[in-house]
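A.B. asks: This is the structure, below, for whatever I ask next.
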Amino acid sequence: DGGITQSPKYLFRKEGQNVTLSCEQNLNHDAMYWYRQDPGQGLRLIYYSQIVNDFQKGDIAEGYSVSREKKESFPLTVTSAQKNPTAFYLCASNPRGGEPQHFGDGTRLSIL
Amino acid sequence: AQSVTQPDIHITVSEGASLELRCNYSYGATPYLFWYVQSPGQGLQLLLKYFSGDTLVQGIKGFEAEFKRSQSSFNLRKPSVHWSDAAEYFCAGANNNNAGNMLTFGGGTRLMVKP
């Protein structure tokens, strides 16, 4: 079945550590997105990419980095500069200029 | 600036009762509009979408939504709620020049269903 796979489902970060969240899709979608979700809040866009080797900052990009070396993959690194990283992170994708976004099942990141 | 607002943070309904979740939008032009549902610890699942045309949109799981331009609203409805509908519901909008991209989400409405 086609879909979006996020891993791991749970992740713990120590102070001063960078961690990377994985997002893989086999839907052949051009565009991919990373969102952050905090309790009681909607989703906020961190980064997005509409084509391989290109990406743009969203509303809350500070403390995060991404890469898009392959169409299928859009990993998100939460750096030590992100002082409040505890949240639920969602990856999404869609074909450019057309259909709604499809979402993965998320990664919950916590601080040790 | 564009925005999507869901006025109700929590709603509780009895099983079998009807449901309406409110969504208001603020965009320069009529946006593309979506409703998603999220179960605890899961991703978002698309319920329905509105791009243009018929203002009453049918979705999955028996849900429908009505686009009302005069009220800048896109409310989600279901005639008879089932216990499995308990979840969080998100309304989202996108500029109509890049459908599905760059979504703006409302804050969500958590639905609880009483037996």
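The values are calculated or read from the model by the stated rules, or taken from the named source; none is laboratory data. Fair warning: this is a prediction, and the values are worked out from it, not measured in the lab. Note: ideal-geometry Cβ built from the backbone for every residue, glycine included; neighbour counts use all protein chains shown. Note: accessible area is taken over every heavy atom of the protein model, side chains too, but ligands, DNA and RNA are not part of it. Shrake-Rupley method; radii C 1.70, N 1.55, O 1.52, S 1.80 Å.
A.B. asks: Average partner chain C-beta neighbours within 10 Å, per residue of B:86-96? Display every interim value, and only then the final one.
C.D. replies: On the way: counts 0, 0, 3, 0, 3, 1, 4, 0, 3, 0, 0.
So the per-residue partner count for this stretch is 1.
A.B. asks: Order A:Glu62, A:Glu99 by their accessible area, 1.4 angstrom probe, all chains in place, largest first. Could the numbers behind the result be given before it?
C.D. replies: Numbers: A:Glu62 160, A:Glu99 80 Å².
The residues order as A:Glu62, A:Glu99, largest area first.
A.B. asks: Over the whole of A:36-42, what's the average partner chain Cβ count within 10 Å per residue? Rounded to a whole number, please. Walk me through the numbers on the way to the answer.
C.D. replies: Details: counts 0, 7, 0, 0, 6, 3, 13.
Averaged over the peptide's residues, the number is 4.
A.B. asks: Using a 10 Å cut-off on Cβ to Cβ distances, tally the other chain neighbours for every residue of A:85-94 and report the average as a whole number.
C.D. replies: Working: counts 0, 0, 0, 4, 0, 4, 1, 4, 1, 5.
Across the residues of A:85-94, the mean count of other-chain Cβ atoms within 10 Å is 2.
A.B. asks: Give the A-B buried accessible area in Å², both sides summed, 1.4 Å probe, nearest 100. Before the final figure, lay out each step's value.
C.D. replies: On the way: alone 6200 and 6120 Å², together 10740 Å².
Interface between A and B: roughly 1600 Å².
A.B. asks: Could you give the accessible area per residue of the range A:36-102, probe 1.4 Å, as a whole number in Å²?
C.D. replies: Numbers: 3090 Å² over 67 residues.
Per-residue accessible area for the range A:36-102 comes out at 46 Å².
A.B. asks: Roll a 1.4 Å probe over the protein chains and send me the accessible area per residue for the range B:2-107 in Å². Write out the running numbers ahead of the final one.
C.D. replies: Working: 4700 Å² over 106 residues.
Value returned for the range B:2-107: 44 Å² of accessible area per residue.
A.B. asks: For the range B:22-41, which residues drop by 20 square angstrom or more in accessible area between the chain on its own and all protein chains together (1.4 Å probe)?
C.D. replies: Those residues are B:Tyr36, B:Gln38, B:Gly41.
A.B. asks: Over all distinct Cα pairs, what is the inverse of the mean 1/r for the range A:1-108, reported as the Kirkwood hydrodynamic radius in Å? Write down the numbers at each step before the final one.
C.D. replies: Values: mean 1/r = 0.0725 Å⁻¹.
So the Kirkwood estimate lands at 13.8 Å.
A.B. asks: Here's a follow-up. Taking a 22 Å limit on the Cα-Cα distance, which of the listed pairs A:Lys14/A:Lys57; A:Lys14/A:Lys70; B:Lys49/B:Lys78; A:Lys14/A:Lys83; B:Lys78/B:Lys114 fall beyond it?
C.D. replies: In this structure, A:Lys14/A:Lys57; A:Lys14/A:Lys70 lie more than 22 Å apart at Cα.
A.B. asks: Considering amide H positions built from the backbone, and no H for Pro or chain starts, which residues 5 or more places from B:Gly108, or on another chain, come under 5 Å of its amide H?
C.D. replies: B:Gln6, B:Cys91
A.B. asks: Roll a 1.4 angstrom probe over the protein heavy atoms and tell me the percent of accessible area of the protein assembly as shown that is carbon or sulfur. List each step's numbers first, then the result.
C.D. replies: Details: 5010 of 10740 Å².
It is 47 percent, rounded to a whole number.
A.B. asks: Project the alpha carbons of chain B onto their principal axes and report the range along each, largest first, in whole Å.
C.D. replies: The Cα atoms of chain B stretch 43, 29, 22 Å along their principal axes.
A.B. asks: Pairs of alpha-carbon atoms within less than 8 angstrom and 6+ residues apart define the contacts here; what relative contact order does the range B:1-104 have, in percent?
C.D. replies: Values: 218 pairs, mean separation 36.0, N = 104.
Reported as a whole number, the value is 35 percent.
A.B. asks: To continue, here is another question. From the square roots a ≥ b ≥ c of the eigenvalues of the alpha-carbon gyration tensor of the range B:37-81, which class results: rounded (a/c under 1.5), prolate (a/b over b/c), or oblate? Mind showing how you got there, number by number?
C.D. replies: Values: a/c = 2.09, a/b = 1.76, b/c = 1.19.
It comes out prolate by the Cα gyration axes.
A.B. asks: For the range A:28-112, what does the relative contact order come out to in percent, with C-alpha contacts under 8 Å and a separation of six or more?
C.D. replies: On the way: 183 pairs, mean separation 25.0, N = 85.
Here the relative contact order equals 29 percent.
A.B. asks: At a Cα cut-off below 12 Å, give the aspartates and glutamates reachable from A:Lys9, other chains included and same-chain residues fewer than 8 away excluded.
C.D. replies: Correct list for A:Lys9: A:Asp105.
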